[in-house]
Amino acid sequence: MKTIFHLLLALLCVSTSLAQSPVEKVDNLRVFLDCQTYCDRDYIRREIPFVDYVNDRFQANVYILITAQTTGSGGREYKLQFEGRDAFSGMNEVKQYIRQATATDDEDRKEAVEKIRLGLIPYLLKTEKAK
């Protein structure tokens, strides 16, 4: 009788400890945009409404750093670095595009949004929304 009691007690302890182990489920992406160059944040937020934008980079689970440098032809080369945090730790992406010197601001904004969307896909696939 004591053996059965000890077995049940052990099973109860194991099931309780398994139930208490936190499994992080990400409902939605929390994104922090760090624009080291000009970027139209309002436009990006309107065109990519399926993520939550945060004002504190430490609250984000996807950190996006946007930098730019001038090209020899007078255009700009943009680099978008995506860094996963928390449940996405170790997931890093880099997207780049070149804005020609003759490109309009609207063309530049659309290209930036397209690259951000593409960069967010691997992270989105690991959220609850993708299931």
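What's the extension gain from residue 130 to residue 27 if we count 0.36 nm per residue and subtract their Cα-Cα distance?
Values: separation 103, 0.36 × 103 = 37.08 nm, distance 0.95 nm.
Full-extension gain reported as 36.1 nm.
I'd like the FRET efficiency for residue 42 and residue 87, computed as 1/(1 + (r/R0)^6) with the beta carbon distance as r and R0 of 25 Å, rounded to 0.05. Provide the component values of the computation, followed by the final result.
Working: r = 28 Å, r/R0 = 1.12.
The pair residue 42/residue 87 has a calculated efficiency of 0.35.
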Can you give the accessible area per residue of the stretch 48-131, in Å², using a 1.4 Å probe?
58
Within straight-line cross-link reach of residue 79, aspartates and glutamates at Cα separation under 14 Å, skipping those fewer than 8 residues along the same chain
34, 93, 108, 111, 114
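The values are calculated or read from the model by the stated rules, or taken from the named source; none is laboratory data. Since we're looking at a predicted model, the values are computed, not measured. For neighbour counting, all protein chains shown are included, and Cβ atoms are generated from backbone atoms with ideal geometry for every residue, glycine included. Side chains are part of the model used for accessible areas, which takes the heavy atoms of the whole protein and leaves out ligands, DNA and RNA. Shrake-Rupley method; radii C 1.70, N 1.55, O 1.52, S 1.80 Å.
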